Amino acid sequence: MEDHHSDPDIIAGWSANKTPEFVATLIEHPDIFVMVAERAESIAGVGAGNRAGEITLNYVAPEARFTGVSSGLLKSLEAAIIEAGHGSAKLTSTKTARAFYRARGYVDDGEPIEWRGALGFPMRKLLVGR
């Protein structure tokens, strides 16, 4: 991938907190919402956001890429952010996903940041009042 260059150290840094215990804390937290996409009775993707209007996860299984899973998760996350009372959503995109978010109305919102060996791109989208 363009972001981690198949570097095991970068991948380990990204996935270090993706444990069952960490996911359980996300699910149980009152200010965080977690969504799961299923296909053929298996998990195809996971998305998360918070009541502050930020999308924090939008991961799709490699075999489910380009099938609409990520778009569906994104729409659900945006709806939850609107329901939480926010008119815009923010996120930090990887270089790989940046075009995906731009195609769905997100715009750059600040300088890139270094995160665990890769660049992150702050982005924002107006959800209501367009």
| query | Which residues, counting only those in the range 16-41, are open to solvent by less than 60 Å² (accessible area, probe 1.4 Å) and not hydrophobic (A, V, I, L, M, F, W, C)? | reply | N17, T19
| What do you reckon, is G105 in contact (Cβ under 8 Å) with a residue 60 or more places away in the chain and surrounded by fewer than 16 Cβ atoms within 10 Å (Cβ to Cβ)? | no
| remark: Per the filter on the range 63-82, residues open to solvent by 40 Å² or more (accessible area, probe 1.4 Å) and either closer than 19 Å to V23 by Cβ or modelled with pLDDT of 95 or more (or both) are K75, S76, A79, I82
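Residues are listed down the side, and each one gets a yes or a no for (1) hydroxyl-bearing (S, T, Y); (2) touching a Lys or Arg at 6+ places or on another chain (Cβ under 6 Å); (3) assigned to a strand (DSSP E or B):
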| position | (1), (2), (3) |
| --- | --- |
| E21 | no, no, no |
| S76 | yes, no, no |
| G85 | no, no, no |
| K90 | no, yes, yes |
| request: Just give me the residues in the range 28-70 being part of a helix (DSSP H, G or I) and under 24 Å from W115 (Cα atoms), in sequence order. | output: P62, S70
| task | Consider only pairs whose beta carbons are under 7 Å apart and that are at least six residues apart or on different chains; among these, list those whose first residue lies in the range 32-60 and is charged (D, E, K, R) and whose second residue is open to solvent by 30 Å² or more (accessible area, probe 1.4 Å). | result | R51/D31; R51/A84; E54/K90
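The values are calculated or read from the model by the stated rules, or taken from the named source; none is laboratory data. Here the structure is a predicted model, which means the values were calculated and not measured. With ideal geometry, Cβ positions are generated from the backbone for all residues, glycine too; neighbour counts draw on all protein chains shown. Please note that ligands, DNA and RNA were not included when accessible areas were found on the heavy atoms of the full protein model with its side chains. Shrake-Rupley method; radii C 1.70, N 1.55, O 1.52, S 1.80 Å.
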